[in-house]
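**Student:** I have a structure here, written as structure tokens, and I will follow up with some questions on it.
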Amino acid sequence: MAQRILTDLALPEAELSILFVDDVQIRELNRRYLHRDKPTNVLAFPMRKGEYATLHSHILGDLAISVETAQRQSDRFGLNDMEMVTLLMVHGILHLIGYEHEGTRKGAREMAIKQKELFQKAIKK
């Protein structure tokens with residue numbers, strides 16, 4: 001699924017790691033790296049930012065996805081568990097390549113449009 005998403009983004013050679021965790025683990029990652037002491041659905045750790053961004057330009061970064069949170073949220077989104085994980089994967093990958101939804105309405109809108117487009121393509125294949 002990740003390869004499909006990357007191909008749709010014209011990044012077929014890009015690499016990332018995906019860690020599937022529970023709420024306890026994602027809360028710890030969220031607290032340690034983002035100073036938010038609560039579980040979340042997905043965390044993205046981009047490698048294209050910072051001092052070593054150009055060292056391995058094909059490596060996008062790391063995603064951590066809470067399977068427990070995905071299962072809880074799937075009903076709210078009207079998705080099955082795998083579709084919810086796919087949506088979170090799309091969301092996280094967009095963060096890895098620079099999309100942001102917390103800064104501006106424009107950024108949030110652009111990310112939402114791209115997320116919907118990629119998600120629809122991913123689940124239809």
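**Student:** Considering only residues that are within 15 Å of the chain's Cα centre (by Cα) and not small (Gly, Ala, Ser), look in the range 12-23 and name the one that is surrounded by the most Cβ atoms within 10 Å (Cβ to Cβ). Show your work before the answer.
**Tutor:** So in the range 12-23, the residues within 15 Å of the chain's Cα centre (by Cα) come out as 14-21.
Cutting the leftovers down to not small (Gly, Ala, Ser) gives us 15-16, 18-21.
Details: GLU15: 13, LEU16: 23, ILE18: 16, LEU19: 14, PHE20: 13, VAL21: 18.
Once the filter is applied, the top-ranked residue is LEU16.
**Student:** Please verify whether the range 92-113 includes one or more residues that are at pLDDT 95 or above, surrounded by fewer than 17 Cβ atoms within 10 Å (Cβ to Cβ) and either acidic (Asp, Glu) or within 14 Å of the chain's Cα centre (by Cα) (or both).
**Tutor:** The answer is yes; a qualifying residue exists.
**Student:** Among the residues of the range 57-68, is there at least one that is in a loop (DSSP other than H, G, I, E, B) and either under 24 Å from THR7 (Cα atoms) or among the hydrophobic types (A, V, I, L, M, F, W, C) (or both)? Show your work before the answer.
**Tutor:** Quick first cut of the range 57-68, residues in a loop (DSSP other than H, G, I, E, B) only: 57-58.
Now drop any that are not either under 24 Å from THR7 (Cα atoms) or among the hydrophobic types (A, V, I, L, M, F, W, C) (or both), which leaves 57-58.
Yes, because at least one residue in the range 57-68 is in a loop (DSSP other than H, G, I, E, B) and either under 24 Å from THR7 (Cα atoms) or among the hydrophobic types (A, V, I, L, M, F, W, C) (or both).
**Student:** What do you reckon, is ILE59 buried (at least 18 other Cβ atoms within 10 Å of the Cβ), hydrophobic (A, V, I, L, M, F, W, C), in contact with a strand residue (DSSP E or B) (Cβ under 9 Å, 6 or more places away or on another chain) and under 23 Å from GLU15 (Cα atoms)?
**Tutor:** On the way: buried (at least 18 other Cβ atoms within 10 Å of the Cβ): no; hydrophobic (A, V, I, L, M, F, W, C): yes; in contact with a strand residue (DSSP E or B) (Cβ under 9 Å, 6 or more places away or on another chain): yes; under 23 Å from GLU15 (Cα atoms): yes.
So ILE59 does not fit the description; no.
**Student:** Can you pull out the residues in the range 16-38 that are within 28 Å of SER57 (Cβ to Cβ) and not small (Gly, Ala, Ser)? Before you say what the answer is, go through the steps one by one.
**Tutor:** Filtering the range 16-38 down to residues within 28 Å of SER57 (Cβ to Cβ) leaves 16-21, 26, 29-30, 32-34.
LEU16, ILE18, LEU19, PHE20, VAL21, ILE26, LEU29, ASN30, ARG32, TYR33, LEU34 - these are the residues of the range 16-38 that are within 28 Å of SER57 (Cβ to Cβ) and not small (Gly, Ala, Ser).
**Student:** Could you tell me whether the range 76-85 includes any residue that is closer than 19 Å to ALA10 by Cβ and touching a helix residue (DSSP H, G or I) at 6+ places or on another chain (Cβ under 7 Å)? Spell out the reasoning first.
**Tutor:** Looking only at the range 76-85, we keep the residues that are closer than 19 Å to ALA10 by Cβ, and these are none.
No, because not a single residue in the range 76-85 is closer than 19 Å to ALA10 by Cβ and touching a helix residue (DSSP H, G or I) at 6+ places or on another chain (Cβ under 7 Å).
**Student:** Please pick out the residue among HIS101, HIS95 that is closer than 17 Å to LEU118 by Cβ, in contact with a His (Cβ under 9 Å, 6 or more places away or on another chain) and part of a loop (DSSP other than H, G, I, E, B).
**Tutor:** Details: HIS95 fails: part of a loop (DSSP other than H, G, I, E, B).
The unique qualifying residue is HIS101.
**Student:** So which residues in the range 6-29 are within 24 Å of LYS116 (Cα to Cα), in a helix (DSSP H, G or I) and out of contact with any Lys or Arg (no Cβ under 8 Å at 6 or more places or on another chain), if there are any at all?
**Tutor:** LEU6, THR7
**Student:** Could you tell me whether ARG32 is in a helix (DSSP H, G or I), modelled with pLDDT under 95 and surrounded by fewer than 19 Cβ atoms within 10 Å (Cβ to Cβ)?
**Tutor:** Values: in a helix (DSSP H, G or I): yes; modelled with pLDDT under 95: no; surrounded by fewer than 19 Cβ atoms within 10 Å (Cβ to Cβ): yes.
No; evaluated as a whole, the condition is false for this residue.
**Student:** Which condition number in (1) at pLDDT below 95; (2) under 14 Å from the mean Cα position of the chain (by Cα) is the one that GLU83 fails?
**Tutor:** Status for GLU83: all satisfied but (1).
The values are calculated or read from the model by the stated rules, or taken from the named source; none is laboratory data. Predicted model, so just to flag it, every value in this text is computed and none were measured. Here Cβ is always computed from backbone atoms with ideal geometry, including for glycine, and neighbour counts include all displayed protein chains.
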